[in-house]
Each structure stands twice: as C-alpha cells, then as structure tokens.
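Accompanying notes for the structure given below.
The values are calculated or read from the model by the stated rules, or taken from the named source; none is laboratory data. Computed from a predicted structure; not experimentally measured. Positions of Cβ are generated from backbone atoms using ideal geometry, with glycine treated the same way; all protein chains shown enter the neighbour counts. Remember, those area values only see protein heavy atoms, side chains included, never the ligands or the DNA or RNA. Shrake-Rupley method; radii C 1.70, N 1.55, O 1.52, S 1.80 Å.
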Amino acid sequence: MKGTSLKYLTHEGFRNVWVNRLMSIASVTVLMACLIIMGAGIMIFFNINTLLDSVQSQNVVMVYVADDATEDETAQIGASLNNISNIESCEFVPKEEAFQKQIQSMGGDSALFEGFDESPLPDAYKVTVKDLSQFENTVSQIKQIDKVDSVRENSDLASKLLSLRHAVSIVSIGLVVMLFLVAVFIIANTIRITMFSRKLEISIMKAVGATNWFIRWPFMIEGMILGTISGVVSLGVLWGLYAIAEKAFSQTLSLLGFKLVPFTEYWWQILLVFVAIGLFTGGFGSLVSMGKYLKEQGSVVSDD
C-alpha cells in the first residue's frame, strides 16, 4: 500500500467516525461500560492487595534469645537474621522494654509483678517476612541460628493470607479476560453493522478493483479511534466514580483502620491498560469482522 493511499484511507477512517456518529457513540458507550467495570475490578484488586500487605506486615515472627546468650551472641543473632534474604525487617526488643509493656498492658493486675527485680522475659527480635510463600522455610532458617531459644509464629495465618492473595489474583485476571472478550465482541459487531449499512459502497470499491486491505484499513482506523476514545473517557468516569466512593466510605473504612488507595497512584497504569485494550479491540475486532464480511460476500480480490 502506497503512502498516499495510506494517508487517504486513514483520513477516511477518521471521517467514518463522524459520518456514523450515532453508531460511534453507541460503540463508545457500550465499550466504556466494559472498561469501567474492568477498571473498578482493577482498583478493587489494588485495595485488597494493599489490605493484605497491611495484614501481612502485622504477621510478625518473634525470635526469643536464649537466657545464657551474651551481648555479642545476641547481636550476632540480629546480624544472622538480617542476612536471611526473605526477612524484610528485624527489630531488637530488649527484655526490660518488653517487661514494661507487659506490665502496662495488664493494668490493675500489674501488682503481680511487684516482687520482680528484673525482667523475667528474654531478649527478642521482631521479624517481618517479605514473601509468605517462603514463610515456613524462613522460620526453619531462623530456628537453626545459634542461641535462638524459641520462635513464635503463625504459619496458619500466613498460609491463609497467601491463599486469599492467589484467589483475588485469579478472580481479577478472570474478570479482565472476560470483559476483554466482551469488548472485542462489541467492537466487531458494531463495525459489522456499519459495514452492512455501507455494503453498496464496499461493493463498488470491490467492483473497481480495490484490494481487501484497501477496504479494511478505514474500518480498522475507525475501530481503533473508537477504542481510544472509550479508554480515555472511561478513565475520567472511573476517576470520578472512585472519588465519590472514596468520599462516601472513607469514614466507615477509617473506623476499620483502612484507607482506600489514592487513584492518583495508579491512573497512568489504568490509562495505558484502557488505551491498549481500546486500540487492540478496535483494530482486531474490525479486522476480524471485516474479514468475515468479505468472505461471506465472496470477495475474490487480491491482498496485494
């Protein structure tokens, strides 16, 4: 295809969007509905993922130091913990500090500890794990460190968090794939309707020797334009709906100690996803639909 022809056909694609504006508006509206639902699912995934990260950060492992460990040996335990790749943070908790917190937490019952001259609790390290899938292996490495007396951990909670994260990921991916297929179907059928309304024009083009690609190109451009417009407008609508939801539920969520993630942190990622889906569904949907139409109409022109 020559440059002049390509420029002309691209211009025709833009013109078709305006000439068939009612159909274009219908296509953009329906595709927007799919993208907005998809975007809502993505934001729900981000929020659930943030919530799981918050819960995961509270799923700490307490490493207790043996009573007969010297200061150097206690410090060496901390160094060994920091050398374990799956440990995100390691905080030393002196036994005196832990004892004072224990007394404060008991309130009126703290009189039970009045006879103690020193802390009966051991020194400890509060450890946070990075990857929950390696939780048990990490705990096993901790237990092998010299002068570690015991380890308090909750492997059951870790496994449940990991399972929940996998479930959320699978559901989110399934939703995106399903809506993506719906978007392709919508664009393909919209372009197909447009082609039937212009079948006389297409027949004349074929009669004078136009190639299949000469006929397909304007429709592909038209589909890609509709997809891009849908993606950009959908981002604005989703942003507005998210702001409304954030304002409506912020007080309730704050009581639960949770805050929705800011939309501004993810808007450009969602925009890229929306535009990419719009371009692909528009171009691919138009190409598939046009191919089927030409085949049904018995197109015999070449693709040169």
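Here the label points at Glu73 and Val171, each 7 Å from Cα along the C-beta direction, are separated by 5.0 nm in the simple model. The slack in the chain from Ser54 to Ala40, taken as 0.36 nm per residue of separation less the alpha-carbon distance, amounts to 2.9 nm. Taking all protein chains together, Trp268, Trp217, Trp18 sort by accessible area into Trp18, Trp268, Trp217, largest first [probe 1.4 Å]. Largest accessible area first, the listed residues Glu222, Glu265, Glu246, Glu12 line up as Glu265, Glu246, Glu12, Glu222 when surface is computed with a 1.4 Å probe on the assembled protein chains.
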